[in-house]
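Asker: Could you have a look at this structure, given as structure tokens, before my questions?
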Amino acid sequence: MSQTTLEGVLRPGWYLYWQSRRYQMVSFDTASLVVEVEAVETGEQSSFQLAHLLLETSTDLAPLFAPTLALLDERIARQRRTPAVAPVEDLPVNLLACADRIIQVIQQVDAGMRAVVPQIQDLSHTDVLRQMLAQLDDPVSLATYYRYRVCYQQASGDRGRIAASLRRQSYNQTRLSTAQQHFIDTLILRFYARQPPIRPATLYRLAVATRQRTGGLWPDPEVCVPNVPQDLVMELLNPDIPLTQITENPEKRRLLTAISLPSRSWLYGYLRWFEQQPEQGRQVMTARHGKAMWEQEQMVFDTFVNRAAFPLQYVFADHWLLDVFVVDAATRSHPVRLWLTVLLDAYSRCVLGLALLYEAPCIESIQQALQHAIWPKTTHQALGLTQIWPCYGIPAAVVTG
């Protein structure tokens with residue numbers, strides 16, 4: 001590549017495709033030969049040494065440049081070899097449906113981003129991306145979108161390879177017993193699939209500690225008909241209840257069986273599979289273990305309504321995407337839907353505070369709703385509302401999952 005060609009393509013505003021990601025160039029330092037770029041999908045800024053870009057001599061790995069995003073996509077499609085299409089005949093219908101969903105989200109967002117990028121002024125790429133994800137017929141979070149994009153890129157957008165990648169790592173390997181599966185799924189729902197999230201290594205340590213405390217015993221779903229008693233699960237997970245108190249009860253002891261832990265690598269692979277299908281969690285758990293387990297672990301608000309002994313003991317955050325749009329005053333285009341975040345008190349079931357934002361649920365939503373919840377509320381009276389809103393105070397515990 002000649003110096004003239006370098007000066008022609010390494011210009012602010014041009015686009016770069018490298019290592020399966022698209023970037024827009026922000027600046028090029030001719031002294032240090034460093035290219036500052038911004039990722040098209042995420043808005044994340046980073047820098048590359050020019051030498052690293054030019055080291056790639058293979059046609060399939062060399063960077064591509066273009067003055068516009070549309071032209072860059074054309075060059076990617078033309079110059080990158082398209083792998084053979086993977087067969088789909090032996091793939092489950094649910095995995096193919098997940099693959100279709102991933103392809104639909106990525107292609108719809110990419111098309112939207114290409115349309116609005118030239119018009120972006122004050123908003124960052126991340127802000128625009130959040131708004132676009134919120135406007136989907138079935139909105140997804142930013143984290144889910146990133147998982148979708150990695151899956152889509154690794155499979156080159158091929159439906160069959162995307163669906164195959166969603167299979168758990170242990171596919172075609174020895175299956176766990178029903179008791180082992182119930183044990184792992186219970187820990188995932190109780191500790192891993194909550195906010196704030198924990199690391200997979202921490203979950204595995206919890207599994208080891210729980211198994212030691214229970215003496216390797218766990219309810220056998222094949223014996224527990226129709227479903228595993230959730231009160232027995234709660235007792236096994238409660239460190240304040242001696243194991244002998246459970247095992248000396250004949251009715252409870254007959255439901256228990258000895259289990260062993262799966263390997264650490266199996267658990268990590270299973271977690272990756274679980275995370276790649278966030279929308280399938282309820283169907284999978286309900287099909288395996290019944291509605292009682294899902295409701296016990298995931299319908300947290302109803303559980304704590306019965307436990308709460310005083311106001312502000314348990315406060316829960318919930319979010320709604322409203323059918324309320326903010327439109328550009330001049331063009332009446334690019335509508336943005338608003339998100340409502342509400343804090344609910346489990347004891348009184350009253351609304352303690354709320355926040356109305358353009359952004360999808362995030363830490364700012366919780367912070368603004370908390371600020372509104374903690375202090376006495378009088379601003380509504382400026383709108384002509386004379387009723388008193390007496391709910392305020394500092395919550396003892398806030399659940400944001």
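Asker: Mind checking which residues of region 344-401 are out of contact with any strand residue (DSSP E or B) (no Cβ under 9 Å at 6 or more places or on another chain) and of a type in the set (D, E, K, R)?
Answerer: Residue satisfying the conditions is Arg349 alone.
Asker: For region 220-233, enumerate the residues that are without any contact (Cβ under 8 Å) to a residue 60 or more places away in the chain, out of contact with any Lys or Arg (no Cβ under 8 Å at 6 or more places or on another chain) and either closer than 16 Å to Thr210 by Cβ or charged (D, E, K, R) (or both).
Answerer: Asp220, Glu222, Asp231, listed by residue number.
Asker: For region 12-56, what are the residues that are assigned to a loop (DSSP other than H, G, I, E, B) and modelled with pLDDT under 80?
Answerer: Scanning region 12-56 gives Gln19, Ser20, Thr30, Ala31, Ser32, Leu33, Glu41, Thr42, Gly43, Glu44, Leu55, Glu56.
Asker: Here's another thing I want to ask about it. Across region 241-271, what is the total count of residues that are under 21 Å from Leu189 (Cα atoms) and either of a type in the set (Asp, Glu) or more than 39 Å from the chain's Cα centre (by Cα) (or both)?
Answerer: The total comes to 0.
Asker: Right, next: Which residue out of Thr82, Thr5 is modelled with pLDDT under 70 and either under 28 Å from Ala164 (Cα atoms) or touching a helix residue (DSSP H, G or I) at 6+ places or on another chain (Cβ under 9 Å) (or both)?
Answerer: Working: Thr5 fails: either under 28 Å from Ala164 (Cα atoms) or touching a helix residue (DSSP H, G or I) at 6+ places or on another chain (Cβ under 9 Å) (or both).
Matching residue, one of Thr82, Thr5: Thr82.
Asker: Mind checking which residues of region 176-192 are over 14 Å from Leu217 (Cβ atoms) and either touching a residue at least 24 places away in the same chain (Cβ under 8 Å) or of a type in the set (Val, Ile, Thr) (or both)? Walk me through how you get there before you give the answer.
Answerer: Of the residues in region 176-192, the ones over 14 Å from Leu217 (Cβ atoms) are 176, 178, 181, 184-185, 187-192.
Of everything in region 176-192, those that are over 14 Å from Leu217 (Cβ atoms) and either touching a residue at least 24 places away in the same chain (Cβ under 8 Å) or of a type in the set (Val, Ile, Thr) (or both) turn out to be Leu176, Thr178, Gln181, Ile184, Asp185, Ile188, Leu189, Arg190, Tyr192.
Asker: Need at least 3 residues that are within 28 Å of Ala317 (Cα to Cα) and not basic (Lys, Arg) per element, so show me which helices (runs of 4 or more DSSP H) inside region 192-266 make the cut, counting only ones lying wholly within it.
Answerer: 200-213, 230-237
The values are calculated or read from the model by the stated rules, or taken from the named source; none is laboratory data. What you see is a predicted model; the values in this text were computed from it and never measured. A quick note on method: Cβ atoms are made from the backbone with ideal geometry, for glycine too, and the neighbour counts reach across all protein chains shown.
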